[in-house]
Structure formats: C-alpha cells, structure tokens
Amino acid sequence: MSETALPPLRDVIARHGLRARKSYGQNFLLDLNLTRKIARAVPDLKDSLIYEVGPGPGGLTRALLEAGAPQVVAVEKDQRCQPALDEIVAAYPGRLRVRSADALTVQEPDLLAAGGQPVQVAANLPYNVGTALLIKWLSVEAWPPWYQSLTLMFQREVAERIVARPGSKSYGRLAILVQWRCTPKILFDISPKAFTPSPKVASSLVQMLPRPQPADGGVTSEALGEVTRAAFGQRRKMLKSSLKTLGPAIPVILAELDIDPTRRAEELSVAQYCAIVSRLIKSRAP
Ligand code: SAM
C-alpha cells in the first residue's frame with residue numbers, strides 16, 4: 001500500500017472512533033496539502049531519522065513517509081490511535097516504528113538508537129505540553145544535542161514568544177532559553193480552520209536549528225533558568241531589585257558587565273543574560 005492507497009483520514013478517524021480529546025491536546029490536521037508542506041520544511045528529510053511526537057491518526061506521519069523519510073519513529077500517548085497507526089506501519093514496511101508512551105518522559109537517544117544518521121524532530125505538538133517538550137529538548141546537557149533540527153507547530157502566541165527580540169512584549173524566559181541554544185524562525189502560519197476540531201487561535205510552524213556550543217563560560221540551562229526566573233518573575237522591577245535573591249555578587253556582576261542596574265528584565269539581550277549567569281557560576285565556585 002502507498003499513501004494513495006491508504007483511506008482518507010476522516011474515514012480512519014470515524015472507523016477507529018478517534019473523537020478528539022481535549023485532555024490529549026488533540027487538534028488533527030486532515031489537509032494533505034498542509035501536512036505535505038510541513039514535511040517539505042523538514043531539513044534533510046530523505047537522509048534522516050524523523051522523530052514525531054503525537055502522530056494521532058497519522059496525517060503528518062503519512063506525509064513524512066510519502067515525502068521520502070526513510071525512517072519515522074513516533075511516540076503517541078493515546079492508545080486509541082494505535083490501530084490507525086498500524087495501518088500506516090503496514091503501508092510502509094520497515095519505515096515506521098510507533099511507541100505508546102508519554103513523550104515528556106521518554107529517553108529519546110535510547111528510543112531512537114539513531115546509529116549515526118541525523119535526527120530531525122517534526123511534530124504538530126499537543127498544545128498543552130508543547131512548551132514543556134521544547135524546554136526538555138533545549139535543556140539536554142550534551143550539546144550539540146541528539147537532534148539536528150526541530151520543526152514544530154505551536155500556537156501563534158507561543159511562536160511569537162520563541163522568536164521574540166529584547167524590548168518586545170513577548171520577550172521572556174522562553175525566548176532566552178531558545179535563542180541561547182538555537183536559531184529559531186517562524187516558517188508560516190496556519191489558520192484554526194485547518195484543524196479538526198478548530199482551536200480558538202492561529203498556529204505557526206517554527207523551525208529551530210541548534211547553534212554550535214556557545215563560548216559562554218559554562219552556562220547551564222538550570223543556571224540560566226534561575227536567573228531569568230528571578231528577572232522575569234518581577235518583570236516591572238529594576239534588575240538591582242529583581243536579581244537580589246541571586247546573592248550578594250549581583251551588584252558587582254552588573255557593574256563589571258556595564259549593565260545599568262536600573263534597567264528591566266526585557267531590556268537585556270540573551271548574551272547579557274549568559275554573561276550574568278557565567279559570572280554568577282564563577283562567584284559561587286568554592
Ligand atoms: N499529528 C497529528 C496531526 O497533526 O493531526 C495529531 C496532532 S495533535 C495536536 C497532538 C497529538 O499528540 C495527539 O495525537 C495526542 O494524543 C498526542 N499527545 C498528547 N500528549 C502527548 C504526550 N505527552 N506524549 C505523546 N503524545 C502526546
């Protein structure tokens with residue numbers, strides 16, 4: 001069987017009783033033109049192992065395979081989807097592996113066992129765990145990470161927070177974590193009407209490419225998180241007061257970095273946050 005021989009997704013959903021559940025963040029993409037467009041956006045698709053989170057009834061999975069992905073590994077939490085996905089496994093022998101699991105807790109390098117070929121992550125993420133998954137993937141200790149790219153669907157508002165620049169309303173902890181480690185780009189927007197059921201808001205496809213290990217003096221995601229939590233936890237306050245909880249070294253660190261302590265959290269660049277973190281780590285070293 002090939003994609004053209006597989007039944008229409010609407011029939012698959014009806015036959016297997018896959019009524020979308022809110023608790024799983026289910027908004028299915030049934031438009032083949034759109035799923036194909038997403039598959040085309042994945043870098044190096046034909047020479048990579050593709051990791052897909054939340055295949056659901058398999059719309060994007062089919063598009064990835066049809067576009068020539070030699071191997072797709074998919075993790076789906078909703079066990080009701082398994083029979084529908086088994087049909088795609090049969091249509092593309094040896095090219096699709098489905099694991100019934102929670103993507104938040106799987107150990108991706110063990111699951112993927114990529115054996116040297118590049119890994120690209122592609123997913124229409126469940127809106128309720130999308131940000132948590134992204135943070136998990138960006139916080140891995142080993143860098144460069146186990147993936148070569150992330151091509152992910154988010155609610156438009158989250159996409160804006162990912163690519164936000166200093167000084168903008170959307171700039172915050174997520175932008176800093178993402179841009180510390182990756183170069184993000186919004187590829188295109190998708191109308192709510194493209195999904196079944198339709199969410200209330202528009203979505204965007206975002207691509208993130210890992211940057212080489214930044215020369216930033218031992219910054220870790222935990223330490224960066226600690227500093228940005230303090231800064232943005234009290235967004236309206238001046239840095240000299242919001243960062244106080246980080247310890248007595250802060251006034252000296254801000255002075256050494258020539259950062260005006262009366263500035264506010266959203267005014268600092270990612271590089272400035274990394275510089276603060278790096279000095280803070282040094283100041284705490286025994
Ligand atoms: N890929 C399909 C599509 O584009 O039509 C479905 C996308 S839907 C927005 C999100 C999918 O992620 C659902 O199938 C849902 O069951 C699954 N999901 C939700 N939470 C999950 C988790 N923690 N781990 C793995 N899959 C999850």
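Since every read-out is calculated from the coordinates, none of them should be taken as a lab result. None of these values were measured; they are calculated from a predicted model. Heads up, the Cβs are rebuilt from the backbone with ideal geometry, glycines too, and the neighbour counts pull from every protein chain shown.
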As I understand it, the dipole of the chain uses +1 on the Cβ of Lys and Arg and -1 on the Cβ of Asp and Glu, about the Cα centre. Which of Q71, A113, N124 lies farthest toward its positive end? N124
Give the dimensionless ratio obtained when the Cα radius of gyration of the chain is divided by 2.2 N^0.38 Å. 1.11
Show which lysines lie in cross-link reach of K240 when reach means a straight Cα distance below 27 angstrom and same-chain residues fewer than eight apart are skipped. K169, K282
How far apart, in nanometres, would the label points at R211 and D44 be if each is projected 7 angstrom from Cα along the Cα-to-Cβ direction? 2.0 nm
Those residues of segment 146-186 whose amide nitrogen sits under 12 Å from the label point placed on E267, 7 Å along Cα→Cβ: 167
Assuming R0 = 51 Å, what is the FRET efficiency of Q82 and E157, from their Cβ-Cβ distance, to the nearest 0.05? 0.95
In straight Cα distance, which lysines are under 22 Å from K77, not counting same-chain residues fewer than 8 positions off? K22, K136
In terms of Cα to Cα distance under 12 Å, which aspartates and glutamates are near enough to K46, apart from those fewer than 8 places away along the same chain? E66
How much length is gained if the chain between K37 and K136 is pulled fully straight, taking 0.36 nm per residue apart and subtracting their Cα-Cα distance, in nm to one decimal? 33.0 nm
For the chain, what is the charge dipole size about the Cα centre, in debye to the nearest 20, if Lys and Arg each add +1 at the Cβ and Asp and Glu each add -1 at the Cβ? 940 debye
In what sequence, highest mean first, do 251-258, 73-80 appear when ranked by Cβ atoms within 10 angstrom? 73-80, 251-258
R0 = 30 Å: FRET efficiency of D102 with S168, Cβ-based, nearest 0.05? 0.35
What trypsin sites (Lys or Arg not before Pro) does segment 128-234 have in DSSP loop regions with at most 15 other beta carbons within 10 Å? K169, K200
If a/c stays under 1.5 just call it rounded; otherwise compare a/b with b/c (prolate if a/b is bigger, oblate if not). Do that for segment 221-284, with a ≥ b ≥ c from the square roots of the Cα gyration tensor eigenvalues. rounded
Relative contact order %, segment 3-210, counting alpha carbon pairs below 8 Å whose residues are six or more apart: 21 percent
